[in-house]
Amino acid sequence: MNIYLSRNRVSTIESGDKKTADAFASSWNNLPGGSVYTVSQFEDWFAPITKADVVNRTILELGCGNGSLLCHITAWQPASIEGVDLGDSVLSCKKNMKQTGFTNFKITQFDLTKYTGVGCDVVYCIGVLHHLKNPVEGFESVLKNTKPGGRFHCWVYAKEGNAVVIYIVDPIRKIASKLPWWFTKYLIATPLVVPYFIYAKIISQSKIFSEFPLYDYSCWIAKRDFLFFRHVAFDQLVTPQTAYLSKEIIQQWLHKYPDIDKSSTYIIFRNGNSWKFGGRKNK
């Protein structure tokens, strides 16, 4: 099954996140085909979820972008896959999914905060909640679309460990996000990321730099080439809104909703500047 929601229906959707979705679509739709992430990056984002949790199960990604994560999850042999995104990145997502050879997928263009599907065994939202005008609405949609007994998993920017980004990069973002995407990508993100590219490559070589800002994150990203650095920088700068969420906020979310199995929840500090969190929904 391969279904694509017509753009006529999407045009009737009013969303406060449309500008953000359009900004990210300008990024995703101007990349080469296929996933921008490596297998190890994909597995790192998903842990503690593994292939055993996905095989023969129904999967939903809220905020699927160009399908870079969905492409990898096909190798875990799910029963079906659905991706939802408000932006036109669904165009490149559909193309990339077709190239995987996996056929039982559906790509839906819709506001993820308002989306209600049939419910899936595994629902995840990676790198999206912190760009929504109301992140908690996105989290509530993750829960709403998770079947009873199913798993949910999210990844967000952390308030902790991101002082350099919050006080240096974010003010630039507030200006760059108002400019044409090509100007931001080639004339702002490209030169801006050069010093960080050099910095990350140097400090990732030795633990003697472990107290330097963004050390853990730099070790993670230093394995990639300059184009990936620029992709990340462009993603940081092109969005109209970004929130940095504290561990306290995530704890509040996980304790607030009675349909979450509290014994299953987890919060993991990733690369010194982001949070992975999730759990199961009560049966």
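A search for C-beta distances below 6 Å between a residue of region 42-55 that is without any contact (Cβ under 8 Å) to a residue 40 or more places away in the chain and any residue that is part of a loop (DSSP other than H, G, I, E, B) and open to solvent by 40 Å² or more (accessible area, probe 1.4 Å), counting only pairs 6+ apart in sequence or on different chains, returns VAL55/GLN77. Remark: CYS71 falls outside the filter, which requires a residue to be hydrophobic (A, V, I, L, M, F, W, C) and in contact with a Gly (Cβ under 6 Å, 6 or more places away or on another chain). Report whether or not LYS223 is open to solvent by less than 40 Å² (accessible area, probe 1.4 Å) and among the basic types (Lys, Arg). Spelling it out, it is not the case that LYS223 is open to solvent by less than 40 Å² (accessible area, probe 1.4 Å) and among the basic types (Lys, Arg). The residue that is farthest from the chain's Cα centre (by Cα), counting only those in region 189-220 that are surrounded by 18 or more Cβ atoms within 10 Å (Cβ to Cβ) and among the β-branched types (Val, Ile, Thr), is ILE203.
Could you say whether any residue in region 239-256 is over 15 Å from the mean Cα position of the chain (by Cα) and among the small types (Gly, Ala, Ser)?
Quick first cut of region 239-256, residues over 15 Å from the mean Cα position of the chain (by Cα) only: 240, 246-256.
Checking the rest, the ones that are also among the small types (Gly, Ala, Ser) come to 246.
Checked region 239-256: at least one residue is over 15 Å from the mean Cα position of the chain (by Cα) and among the small types (Gly, Ala, Ser).
Screening region 26-43 for residues that are of a type in the set (S, T, N, Q) and either assigned to a loop (DSSP other than H, G, I, E, B) or in contact with a His (Cβ under 8 Å, 6 or more places away or on another chain) (or both) and picking the one that is least open to solvent (accessible area, probe 1.4 Å) gives SER27.
In region 135-158, of all residues being of a type outside the set (A, V, I, L, M, F, W, C) and touching a Lys or Arg at 6+ places or on another chain (Cβ under 8 Å), the one that is most open to solvent (accessible area, probe 1.4 Å) corresponds to PRO148.
The values are calculated or read from the model by the stated rules, or taken from the named source; none is laboratory data. Model, not experiment: these values are computed from the prediction. Please note: Cβ atoms are built from the backbone with ideal geometry, for glycine as well, and neighbour counts cover all protein chains shown. Ligands, DNA and RNA are excluded from the accessible area calculation, which covers all protein heavy atoms including side chains. Shrake-Rupley method; radii C 1.70, N 1.55, O 1.52, S 1.80 Å.
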